[in-house]
Structures are given as C-alpha cells and as structure tokens.
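The values are calculated or read from the model by the stated rules, or taken from the named source; none is laboratory data. Not measured: the values here are computed from a predicted model. So basically every Cβ, Gly included, is an ideal-geometry build from the backbone, and we count neighbours across all protein chains shown. Protein only, heavy atoms only, side chains kept; ligands, DNA and RNA dropped before computing areas. Shrake-Rupley method; radii C 1.70, N 1.55, O 1.52, S 1.80 Å.
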Amino acid sequence: HVVPAKMFRKALTHCKGHAKLGLSATLVREDGLIEDLYFLIGPKLYEANWMNLTNQGYLARVLCAELWCPMSPLFMKEYLTTQDAKRKQLLYVMNPIKFAMCKALMEYHEARNDKILIFSDDITALLRYKNKLRRYCLYGNTSEYERAELLSRFRGGPTIPKEKVITTLFISSVGDVAIDLPEANIIIQISSHFGSRRQEAQRLGRILRPKSSAKFNVGYNAFFYTLVSMDTKEMSFSNRRQQYLVDQGYTYKVIPNLGEIIKGAESGVQYEEPTREQEEDLLAYMDDETLRKFGSYEDQPKPKKARVVKKEVNHGRSKLLKRLYKK
C-alpha cells in the first residue's frame, strides 16, 4: 500500500527484477492511488478475510467499541465560537470528559493486569494525558535507546524485574506500524489522523496476535476502544475510519452513555466527572505555547551555554605566510 507514494514509486523504477510480489494487510489509501498498484506491481492474486482468520484461530477475537463522550459546556462553547480549525481539533481531542473516560477505562483494565496501548496523534494531548496520569510515553522525540527500553519493559518476560514491567504505554502514530507487541490486548484511541481507514486497521493490528479468551469470559480476548467527542467533526472522521474494518466483517458497538453505565453498575470502574476548575485549567494549558509543545515546564529543553573557544595564534607562522603572499 506504500508503493504508490512518490518516493517508493521512484525506488521501484530504479530496482529491476524478474518478478514483483506485493504483501499488505491494509490495501487501502485515502488519496485514491491504490489503483496504481495494478501496473506498479500487478493484479491482486489473493486476499484473506480478517474474520475468517479470526474464526480459524490465527487472529485474536476483538471487540471494537466507539464511546461517545459529550463535550463539556465550557469546551463546547469554545468549539462553537472559534474559527480556528486547529483549535477546534484540539478542543475535541482535549475534551475533559474524554480524559475522564480514558482514565476510568485505563484503571479498570490495569486492575485486570491487561496490557494497554493508548494512541494519540495529537502530541499536545499525548503529553497532557501522560503527565496527568503519570504513565510512560513513546513518540517522535523519544530517543532510540529509551524507545527500545520502554518496549522491552512493556513486553515483560523473565529478564525484566516485576517492578519495572510497564502495563500502560501512551504512544503516538510512531506505533502504527513496525512495532511487535504480542502481549498488548487493549487499545484506547483518543486521537487519530482524521478519517484514515488504513491507520484504524493498522492500530487494530497491534492487538490481533492470538490470545487466550479465558480471562474475559465474554467471547472476546482483546478490546479496541475509540473515544469520540459528541457533536463535533470527530464523529464524521470516526465513521469514515471504520469503513475498511466493517468491510472485513468487524462491527462497532456504539456506547453513547458510558459515564451513566459506569455510575449505575457495579463494574469496578471509577469514573469522575470533570469540575469547572479542571475545564478552566485545561483551557489555560491549551493557550500556553510551552505546555502545548513540551507538556510541562520541566520537560522543555534547557538553553545551551555559549562555548568560548580560545584560539592560539602562531605569530611566527602568520608572518611567514604574509611574506609568501606578498611575493
């Protein structure tokens, strides 16, 4: 699916071969160039349906759920009055009720010793969630060494001390592909790349490794939650993102009132409604450029000290060069 992109297409013209074989788990693109694969690679010879692979035991049995999060009054007022598209996006991503639901789901699954990945394309939201919930985070600025260490601690195993094992990891779009985490069985998606169907399928793939279902007793052994702010553009994006997985046979369970369900049932989930002070604090956070970029004042890079370099001048050599130049 990446071959139609400009640079990959260019590489394909330079690499000569007797045959070309293309493999993809998500044969879909939003720019309509997927049809170019027919002359760049060749016709599609075989396609395996995801649900058939699930029924045969090759993939985990996943419950996909879309959780509707009402916009808090202060945020909805700001959303309706602002004309800035980027701010509108940040408002529905940073929705305080979405944060409260994410926290409740995370704590519920942590109590069950599940392995949780929380995805956010928006780095401002990612850093805010990470700092407030005090969990580890992996994104573009994470060093290669720290990234390898975090992934190793998330996977666990006999070589990792129990107190160092990570059960929840906040992660940006860097975790969409090329990350092998077979232990992960819960995904909570708080922000995504607009209506990208391919990204939705790729993120689901992070928890598709086969697992035991005895733990849940509900017929599913993995859960994919998407938190969507109600009455915002995010709802239309979410509906489009689901289309590829729906074509593969998946269904999305829509939960419009999770907060009420949690409060009215003995589920063990602790849900706390955000206060007016928390909403105002979050708006102030969004207006602070330093906090938006680094998550906290402590995490911003310290200014580098100016280095003073002393130059030793060889006066004798300098005079000799001047003489030669005159000659």
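A few points about this structure:
Table: residues versus (1) modelled with pLDDT of 85 or more; (2) under 28 Å from the mean Cα position of the chain (by Cα); (3) within 29 Å of I207 (Cα to Cα).
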site: V3; (1), (2), (3): yes, yes, yes
site: K6; (1), (2), (3): no, yes, no
site: K10; (1), (2), (3): no, no, no
site: A25; (1), (2), (3): no, yes, yes
site: Y46; (1), (2), (3): yes, no, yes
site: Q56; (1), (2), (3): yes, no, yes
site: A60; (1), (2), (3): yes, yes, yes
site: L67; (1), (2), (3): yes, yes, yes
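- Residue list for the stretch 214-231, filter: polar (S, T, N, Q), within 25 Å of Y58 (Cβ to Cβ) and modelled with pLDDT of 90 or more: T226
- Which numbered condition I160 fails, given (1) in contact with a Cys (Cβ under 7 Å, 6 or more places away or on another chain); (2) surrounded by fewer than 21 Cβ atoms within 10 Å (Cβ to Cβ): (1)
- Of the residues making up the stretch 104-119, those that are open to solvent by 50 Å² or more (accessible area, probe 1.4 Å) and in contact (Cβ under 8 Å) with a residue 60 or more places away in the chain number 4.
- Residue match in the stretch 71-89 (condition: within 23 Å of T167 (Cα to Cα) and surrounded by fewer than 15 Cβ atoms within 10 Å (Cβ to Cβ)): no
- Some residue of the stretch 39-50 being of a type in the set (V, I, T), more than 30 Å from A104 (Cβ to Cβ) and out of contact with any Phe, Trp or Tyr (no Cβ under 8 Å at 6 or more places or on another chain): yes
- Residue selected from the stretch 174-191 under the condition open to solvent by 30 Å² or more (accessible area, probe 1.4 Å) and either at pLDDT 90 or above or touching a Lys or Arg at 6+ places or on another chain (Cβ under 6 Å) (or both), by the criterion farthest from S24 (Cα to Cα): E183
Per-residue answers, yes or no, for (1) surrounded by fewer than 14 Cβ atoms within 10 Å (Cβ to Cβ); (2) modelled with pLDDT under 85; (3) within 23 Å of I187 (Cβ to Cβ):
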site: S212; (1), (2), (3): yes, yes, yes
site: K233; (1), (2), (3): no, no, yes
site: Y250; (1), (2), (3): no, no, yes
site: I262; (1), (2), (3): no, yes, yes
site: E280; (1), (2), (3): yes, no, no
site: L283; (1), (2), (3): no, no, no
site: R292; (1), (2), (3): no, yes, no
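- Any hit, the stretch 103-119, residues being over 16 Å from the mean Cα position of the chain (by Cα), outside any helix (DSSP H, G or I) and more than 18 Å from I186 (Cβ to Cβ): no
- In the stretch 24-62, the residues that are within 17 Å of R9 (Cβ to Cβ), exposed (fewer than 14 other Cβ atoms within 10 Å of the Cβ) and among the hydrophobic types (A, V, I, L, M, F, W, C): F39
- Those residues of the stretch 130-163 which are touching a residue at least 60 places away in the same chain (Cβ under 8 Å) and either touching a helix residue (DSSP H, G or I) at 6+ places or on another chain (Cβ under 7 Å) or charged (D, E, K, R) (or both), in sequence order: K130
- Filter result (within 17 Å of the chain's Cα centre (by Cα), among the polar types (S, T, N, Q) and in a helix (DSSP H, G or I)) within the stretch 138-178: S173
- Against the test of being in a loop (DSSP other than H, G, I, E, B), out of contact with any helix residue (DSSP H, G or I) (no Cβ under 7 Å at 6 or more places or on another chain), among the basic types (K, R) and farther than 30 Å from A125 by Cβ, the options K10, K16 yield a single qualifying residue, K16.
- With respect to the conditions (1) touching a His at 6+ places or on another chain (Cβ under 8 Å); (2) outside any helix (DSSP H, G or I), Q199 lacks only one, and its number is (2).
- Being open to solvent by 60 Å² or more (accessible area, probe 1.4 Å) and small (G, A, S) is a property that does not hold for A65.
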